[in-house]
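Worksheet: one structure, shown below.
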Amino acid sequence: MSGLEERVVIVTGGARGQGREETEHLAAAGATVVVADVIEPEGDLPGAATYRHLDVTSPTDWADLADELKNTYGSVFGLINNAGIVGSRGRAGRLEDISLDDWNRLLEVNTTGPLLGIQSMSRLMTDGGSIVNISSIAGAGAHLAAGYGVSKWALRGLSRIASMELGPRRIRVNSILPGYIHTPMQNQTPQHFIDAHLSLIPLGRVGTPGDVAPVATFLISDAAAWITGVDIPVDGGVLG
Ligand code: NAD
């Protein structure tokens, strides 16, 4: 028994990459998972998971999902704010060059999206809950990533403040700071950046979604019952 049986967990951006692996891992632990994404999942989801179209930047989509979940399950226990984007210039972008459109979009998806998720899902966490925000080592200033790093730094701040506000309702809020993880998102990353970053990883390899998913499941579960408001790097040792 993992303690996640009969608990409903929402995973944004769960159609592919890290979110997909988080979905598989949570479902294997017994959770009922709702994958909320703008794209449909590749291949079959595990039996205990369902897909729901949702744009994390849309308050209407979040309100519709909340109504649906309330009617179907009555309450929700977990939320993984995993959906994210790197921006049109990928990790090569610099603050000096970033366009206002890119800046606004990065903050909208990576920071405002999780805020909307916390607002709408925490209302359904009527018997405690756990929220995990997928930030990044870029959100700790680990490398140049222009607006992406700022949006992920703000997400850490959102986590910390939410953990303080929601703690009295037994809702925990934590962040994971992944390092370089091999997913479709990295298709935009220049090879010279990957080579340079690899030399900074003490464990000597890039990460996989399988490195992050067990940590997300742990934070959602009661095994982390007295952990809230923290940032956990999963980065092969980059932040040390
Ligand atoms: P990915 O691009 O493979 O997956 C991102 C998912 O988010 C996709 O399924 C996409 O459709 C979804 N998404 C994007 N915009 C959305 C929106 N507006 N509404 C709903 N869903 C949306 O990337 P990934 O590597 O799996 O990234 C997962 C999270 O991890 C992101 O927040 C990312 O910033 C973060 N992260 C990634 C890395 C890495 O190296 N890959 C490192 C640190 C942090």
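Check each of the GluC sites (Glu not before Pro) in the stretch 1-108 and keep only those in coil by DSSP with at most 15 other C-beta atoms within 10 angstrom; list them in order.
On the way: sites: E5, E6, E21, E22, E24, E42, E68, E96, E108; in loops: E5, E6, E42, E96.
Loop-located and lightly packed - E5, E6, E42, E96.
By how many nm would the segment from L95 to V38 grow when fully extended, if each residue of separation counts as 0.36 nm and the alpha-carbon distance is taken off? Present the calculation step by step, with values, prior to reporting the outcome.
Numbers: separation 57, 0.36 × 57 = 20.52 nm, distance 2.76 nm.
Result for the pair: 17.8 nm of gain on full extension.
Would you list Y180, Y73 from fewest to most Cβ contacts within 10 Å?
Values: Y180 25, Y73 15.
Going from sparsest to densest Cβ surroundings: Y73, Y180.
Any chance you could tell me what percent of the C-alpha pair distances in the chain go past 30 Å?
Numbers: 5558 of 28680 pairs.
More than 30 Å apart: 19 percent of the Cα pairs in the chain.
Grab the Cα-Cα distance for W226 and R205, subtract it from 0.36 nm times how many residues apart they are, and report the gain in nm with one decimal. Please report the intermediate quantities before stating the final value.
Numbers: separation 21, 0.36 × 21 = 7.56 nm, distance 3.15 nm.
Gain on extension, W226 to R205, equals 4.4 nm.
Ranking M125, M164 by Cβ neighbours within 10 Å, fewest first, what do you get? Could you put the intermediate results ahead of the total?
Working: M125 22, M164 12.
Ordered from fewest to most neighbouring Cβ atoms within 10 Å, M125, M164 come out as M164, M125.
Please work out the Cα center distance from the stretch 139-155 to the stretch 160-230, rounded to the nearest Å.
Here the two parts' Cα centres lie 14 Å apart.
Within 10 Å, at most 14 other Cβ atoms, and a DSSP state outside H, G, I, E, B define an exposed site. Report the longest part of the chain free of exposed trypsin sites (Lys or Arg not before Pro).
Formally, the longest exposed-site-free interval is 1-93.
Note down the nm distance, to one decimal, between modelled labels 7 Å out along Cα→Cβ at K70 and at H192.
Going from the K70 label point to the H192 one covers 5.4 nm.
Each reported figure results from applying straightforward, stated rules to the coordinates on display, with no laboratory input. All of these numbers come straight from a predicted model, not from anything done at the bench. Don't worry about glycine lacking a Cβ; one is built from the backbone with ideal geometry, like all the others, and counts go over all protein chains shown.
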